[in-house]
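Asks: Provided herewith is a single structure, encoded as structure tokens, for subsequent inquiry.
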Amino acid sequence: MPKNAGRKAGMERNEMKQGFRKNRRDGVIFGVCAGMADQFGFDVLWTRVGFVALTLLGFGLPLLLYLAVAILAP
């Protein structure tokens, strides 16, 4: 077991307590999909594919939610 394994696990727990944050480093536009992928442990590609599918099926409502999160989330 690596020496810093416990420290890394502690950092992951602290990150989870912080709540949702956009991921501007891995994000394409605002980082909302990348932040959701980080929060829930999904691959960012599948998060983006799901978002596009929901936008096409939901007549634009997911796009409005995306913009709201982009404005309100840190």
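The values are calculated or read from the model by the stated rules, or taken from the named source; none is laboratory data. Note that the coordinates shown come from a computational prediction; the quantities given were computed from them, not determined experimentally. Here the Cβ positions follow ideal geometry from the backbone for every residue, glycine too, while neighbour counts run over all protein chains shown. All accessible areas refer to the heavy atoms of the entire protein, side chains included, with ligands and DNA or RNA removed. Shrake-Rupley method; radii C 1.70, N 1.55, O 1.52, S 1.80 Å.
Asks: Hey, does the stretch 42-58 have a residue that's loosely packed, with under 10 Cβ neighbours inside 10 Å, more than 19 Å from Ala70 (Cα to Cα) and either of a type in the set (Val, Ile, Thr) or modelled with pLDDT of 90 or more (or both)?
Replies: Yes, some residue in the stretch 42-58 is loosely packed, with under 10 Cβ neighbours inside 10 Å, more than 19 Å from Ala70 (Cα to Cα) and either of a type in the set (Val, Ile, Thr) or modelled with pLDDT of 90 or more (or both).
Asks: If you check Ala9 against the conditions, is it at pLDDT 90 or above and open to solvent by less than 80 Å² (accessible area, probe 1.4 Å)?
Replies: no
Asks: Under 8 Å by Cβ, and 6 or more places apart or on different chains, what pairs join a residue from the stretch 28-40 that is free of Cβ contacts under 8 Å to residues at least 24 places away in the same chain with one that is part of a helix (DSSP H, G or I) and surrounded by 20 or more Cβ atoms within 10 Å (Cβ to Cβ)?
Replies: Within 8 Å, the pairs are Val28/Ala34.
Asks: Moving on. Which members of the stretch 17-41 meet the condition of being under 8 Å from the mean Cα position of the chain (by Cα), of a type in the set (Phe, Trp, Tyr) and surrounded by 13 or more Cβ atoms within 10 Å (Cβ to Cβ)?
Replies: Matches in the stretch 17-41: Phe20 only.
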